[in-house]
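*Asks:* Right, I'll just put the structure down here and ask away after.
No value in this document is a laboratory result; all are computed from the given coordinates. Since this is a predicted model, take the numbers as computed values, not measurements. Quick reminder, even Gly has a Cβ in these numbers, built from the backbone with ideal geometry, and neighbours come from all protein chains shown.
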Amino acid sequence: MTDTDDPIDQARTTQPRAGMVFKDRRELPGLAMLVMATLALVAFMSAAAQASVGWALGFGITVLVLAVSGVTWMFVGRNRAAHASHGGHHRRQT
């Protein structure tokens, strides 16, 4: 194999961006937000089951904010990585 600027073996791979979350650590905050949104969803359901309106409202808003933020972070990160891998003029990651 020759040394090139492209770290992906394009000739033999079927999934060129497999494992990008672990290689490109810029997406980890988005993944963490989605995990926190899942935990907040469990807390929301628990508060709703106990008929605690204040806590349910607070956790519900938290779930929405974290889920939207996490999905947006992941989407922007994947879009940036896909654009960079197709010859975009982005700064190379170190």
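*Asks:* For Cα pairs less than 8 Å apart in space and 6+ apart in sequence, what is the mean separation divided by the residue count of the stretch 25-85, i.e. the relative contact order in percent?
*Replies:* On the way: 52 pairs, mean separation 28.4, N = 61.
Over the stretch 25-85, the number comes to 47 percent.
*Asks:* Let me ask something additional. Taking a label point 7 Å from the Cα of Ser52 along the Cα→Cβ vector, which residues of the stretch 24-41 have an amide N closer than 15 Å to it?
*Replies:* Under cut-off, by backbone N: 40-41.
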